[in-house]
Structure formats: C-alpha cells, structure tokens
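**Student:** Quick one: this structure, given as structure tokens, is what I'll be asking you about.
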Amino acid sequence: MAYVVAEPCIKCRYTDCVEVCPVDCFHAGPNFLVIDPEECIDCAACVPVCPTKAIFEDSDLPEKWRPYAALNAELAARWPVLAEKREPLGEADRWKEVEAKRAELDLG
C-alpha cells in the first residue's frame, strides 16, 4: 500500500512532507504534490507533518477523494521529483481551509 496526496493540498503545496520523506517519492506540479506509489515505502513519516492533512494511506483514503489514488500515480509519471523542501505557494494560507478545490488543480 502507498500513501496518497488528496484534495486539501491543491493551491497550497506545503513541502514539509518532502523534507521528512526518506525516499524520493514526491512529485511537484504547478499547485499540487503527488506521491509515486511505486517509490513510496509506506513509512507514514509524511502524514503527521502535512499542514493541510492531505496525505492518507490508500486504504484509509476518504471515499470523496478515492480518485486521487489513480491521479497520484498518473501525475507522478509526468511531474518531476521534488527532493527538497520549498516555500509553499503564495496564497497557501488562504487556501488551506478551503474544502472543495478540485476545479483549481493545475495539471500543468
């Protein structure tokens, strides 16, 4: 099982998760992070440090965000690996508490 980044990350892209990840499984798009399920070692180090609570074990992914499991795999194949912490997006704090953000996802 792998971990999955879900909708709360959109328009925030905090990278605290990247900093604690022991492998290079995170990939960055214009306004979202994803986890490569082939690289993820299921350590869960990323879960408690995510400011938006956007990371879930695949089996615990809320039903409303089930499509994000496939989306993480698809986008990880297209987006570059992010191996170091970066600044969050400029309006991250404003978007952090917004519930429905799927329409804001930039697939780059």
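**Student:** Conditions first: (1) part of a strand (DSSP E or B); (2) modelled with pLDDT under 95. Residue 1 passes all but one, so which condition is the exception?
**Tutor:** Of everything listed in (1) part of a strand (DSSP E or B); (2) modelled with pLDDT under 95, residue 1 misses just condition (1).
**Student:** Output the residue which, of all residues in the range 34-54 that are out of contact with any helix residue (DSSP H, G or I) (no Cβ under 7 Å at 6 or more places or on another chain), assigned to a loop (DSSP other than H, G, I, E, B) and not acidic (Asp, Glu), is surrounded by the most Cβ atoms within 10 Å (Cβ to Cβ). Don't jump to the end; show me each part of the working.
**Tutor:** Of all residues in the range 34-54, those out of contact with any helix residue (DSSP H, G or I) (no Cβ under 7 Å at 6 or more places or on another chain) come to 38-44, 47-48.
Adding the requirement that they be assigned to a loop (DSSP other than H, G, I, E, B) leaves 38-44.
If we keep only those that are not acidic (Asp, Glu) too, we end up with 40-41, 43-44.
Working: 40: 22, 41: 12, 43: 13, 44: 11.
My answer is 40.
**Student:** Restricting attention to the range 35-61, which residues are among the hydroxyl-bearing types (Ser, Thr, Tyr) and either modelled with pLDDT under 95 or under 19 Å from residue 99 (Cα atoms) (or both)?
**Tutor:** Once the filter is applied, which keeps residues that are among the hydroxyl-bearing types (Ser, Thr, Tyr) and either modelled with pLDDT under 95 or under 19 Å from residue 99 (Cα atoms) (or both), the range 35-61 yields only 52.
**Student:** Still on this structure, please answer the following. Which of the residues that make up the range 21-58 are among the acidic types (Asp, Glu) and either in contact (Cβ under 8 Å) with a residue 40 or more places away in the chain or touching a His at 6+ places or on another chain (Cβ under 6 Å) (or both)?
**Tutor:** Scanning the range 21-58 gives 24, 36, 42, 57, 58.
**Student:** Please specify each residue of the range 58-108 satisfying the condition of being in contact with a helix residue (DSSP H, G or I) (Cβ under 7 Å, 6 or more places away or on another chain) and either of a type in the set (Ser, Thr, Tyr) or not in a loop (DSSP other than H, G, I, E, B) (or both).
**Tutor:** Within the range 58-108, 58, 65, 68, 69, 102 qualify.
**Student:** Looking at the range 59-76 only, could you name the residues that are in contact (Cβ under 8 Å) with a residue 60 or more places away in the chain and aliphatic (A, V, I, L, M)?
**Tutor:** Within the range 59-76, 69 is the sole residue that qualifies.
A quick yes/no check of all residues on (1) surrounded by fewer than 17 Cβ atoms within 10 Å (Cβ to Cβ); (2) hydrophobic (A, V, I, L, M, F, W, C); (3) farther than 15 Å from residue 35 by Cα:
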{"residue": "62", "(1), (2), (3)": "yes, no, yes"}
{"residue": "66", "(1), (2), (3)": "yes, no, no"}
{"residue": "69", "(1), (2), (3)": "no, yes, no"}
{"residue": "72", "(1), (2), (3)": "no, no, no"}
{"residue": "82", "(1), (2), (3)": "no, yes, no"}
{"residue": "90", "(1), (2), (3)": "yes, no, yes"}
{"residue": "97", "(1), (2), (3)": "yes, no, yes"}
{"residue": "105", "(1), (2), (3)": "no, yes, yes"}
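The values are calculated or read from the model by the stated rules, or taken from the named source; none is laboratory data. If you're wondering where the values come from, they're calculated on a predicted model, not measured in any experiment. Counting neighbours? That spans all protein chains shown, and the Cβs are built from the backbone with ideal geometry, glycine included.
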